Amino acid sequence: MRAVLFDRYGGPEVLYVGRVPRPEPAPGEVLVRVRAFSVNGGELAARAGDLRLLTGRKFPQRVGLDFTGEVAALGAGATGVAVGDRVWGVLGRTGFGSAADYVTVRAERLGRVPDGLDLVEAAALPVATTAITALRDKAGVRPGERLLVRGAAGGVGNAAVQLGKAYGAEVTALARAANLDFVRTLGAHHAIDHRSVSPAELGPFDVVLDTAGTDLRAFRRLRSPGGRMVTIAFDQTRLAASLGYIAASAVHGRGRVRFFSGNPKRALFDDLAREVAEGRLRPAVDTCFPLEETAAAHRALEAGGVRGKYVVRVD
Ligand SMILES: NC(=O)c1ccc[n+]([C@@H]2O[C@H](COP(=O)([O-])OP(=O)(O)OC[C@H]3O[C@@H](n4cnc5c(N)ncnc54)[C@H](OP(=O)(O)O)[C@@H]3O)[C@@H](O)[C@H]2O)c1
């Protein structure tokens, strides 16, 4: 089968479409015929070699973290889905590799895509599980609360704006000037160019959701009394200081910076499907690339300014 591979760490140009054996589903796993996947920040870092302590020196390596597709086969004991079901999922901590014709994944790591949702468009949404976890489970955002979403036009941010509004919050979206209209169309009540204000000019907010990872200290100060802050990212250029700050903020109790690493399972994908079916969340696809142009999709995300997600279709 085809798979997007790279033989050395580097820029998007190291990516190529090669041939690898089609995987067989092990017990408890599902074989998925991939129809589309999206490009995520974490895999850009992996391809560049920034995570080499984790990703090692064995090549070729693979890309692709999330996927949509159809169930092609079930391993022994795999339950909850049937051959032919339209599904979406995230490989999670098990590694990369969904940029391919087929992927195997544990059955609990995927869910059914709602009827009527195109599988290519749907590939913008598996990462929205992170927005659900952040706003609903970590921040516990309530109707009428003031919510700030930083990185509001991005993959997680665009879903957070939509869901924040659906949860009844008053949403302030921080994005680059060219994307302010985009975040308004997602439902943001207020849209602010993040380059034209300093954090000190903002707030207060009952919930701060950060998807950029920098300036965490300044953004934590924007919380109202009793306010919560969640970040899904940290400053990769100041890794130790950034992680140290998140850990040290535990002394603030409820006012700490909450960080989590998403590991979505079936129940969360079912929640995602419900949000879509009820019209509270829709996919935002910036551009769709063919598999052969996965490098262009990486290049586009690296350039900044994304509106939603770059999706790659696997014809
Ligand atoms: N913890 C988890 O479970 C989890 C899950 C998913 C993703 N992540 C991480 O979360 C981060 C965001 O993911 P994503 O998929 O949403 O990425 P993305 O699609 O690239 O979006 C990132 C957004 O942040 C904005 N941004 C970047 N730097 C900024 C800054 N200094 N100030 C303000 N805005 C800034 C970008 O805006 P412009 O480009 O327009 O400037 C973009 O809209 C990545 O680091 C990713 O690895 C973590």
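The values are calculated or read from the model by the stated rules, or taken from the named source; none is laboratory data. Since we're looking at a predicted model, the values are computed, not measured. Heads up, the Cβs are rebuilt from the backbone with ideal geometry, glycines too, and the neighbour counts pull from every protein chain shown. Ligands, DNA and RNA are stripped out before the accessible areas are found, and what is left, the full protein with its side chains, is counted by its heavy atoms. Shrake-Rupley method; radii C 1.70, N 1.55, O 1.52, S 1.80 Å.
List of remarks:
- Apart from one condition, Arg256 fits all of (1) modelled with pLDDT of 95 or more; (2) more than 16 Å from the ligand (Cβ to nearest atom); (3) over 19 Å from the mean Cα position of the chain (by Cα); (4) more than 28 Å from Leu5 (Cβ to Cβ); the exception is (2).
- Checklist (1) assigned to a helix (DSSP H, G or I); (2) within 12 Å of the ligand (Cβ to nearest atom); (3) exposed (fewer than 14 other Cβ atoms within 10 Å of the Cβ) applied to Ser261, failing item: (1)
- Scanning region 129-140 for residues that are more than 10 Å from the ligand (Cβ to nearest atom) and open to solvent by less than 20 Å² (accessible area, probe 1.4 Å) yields a count of 3.
- When each of Val103, Val127, Val149 is tested for being β-branched (Val, Ile, Thr) and farther than 19 Å from Tyr310 by Cβ, the lone residue that passes is Val149.
- Test for Gly155: is it of a type in the set (Gly, Ala, Ser), modelled with pLDDT under 95, within 28 Å of Tyr16 (Cα to Cα) and within 13 Å of the ligand (Cβ to nearest atom): no
- Flag for Leu243 being surrounded by 13 or more Cβ atoms within 10 Å (Cβ to Cβ), at pLDDT below 95 and hydrophobic (A, V, I, L, M, F, W, C): yes
- Test: residue in region 55-78 that is aromatic (Phe, Trp, Tyr) and open to solvent by less than 50 Å² (accessible area, probe 1.4 Å): yes
- Count - residues of region 221-248 that are within 16 Å of the ligand (Cβ to nearest atom) and small (Gly, Ala, Ser): 4
- Scope region 179-234; condition without any contact (Cβ under 8 Å) to a residue 40 or more places away in the chain, open to solvent by 20 Å² or more (accessible area, probe 1.4 Å) and in a helix (DSSP H, G or I); matching residues: Leu180, Asp181, Arg184, Thr185, Pro199, Ala200, Glu201, Arg217, Ala218, Arg220
Condition check ((1) more than 15 Å from the chain's Cα centre (by Cα); (2) more than 15 Å from the ligand (Cβ to nearest atom)) across all residues:
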position: Glu278; (1), (2): yes, yes
position: Pro283; (1), (2): no, no
position: Thr287; (1), (2): yes, no
position: Glu293; (1), (2): yes, yes
position: Ala303; (1), (2): yes, no
position: Gly308; (1), (2): no, no
position: Val311; (1), (2): no, no
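- Taking region 283-305 as the range and being in contact (Cβ under 8 Å) with a residue 60 or more places away in the chain and in contact with a helix residue (DSSP H, G or I) (Cβ under 7 Å, 6 or more places away or on another chain) as the test, the residues that pass are Pro283, Ala284, Val285, Cys288, Ala295, His298, Arg299, Leu301, Glu302, Gly305.
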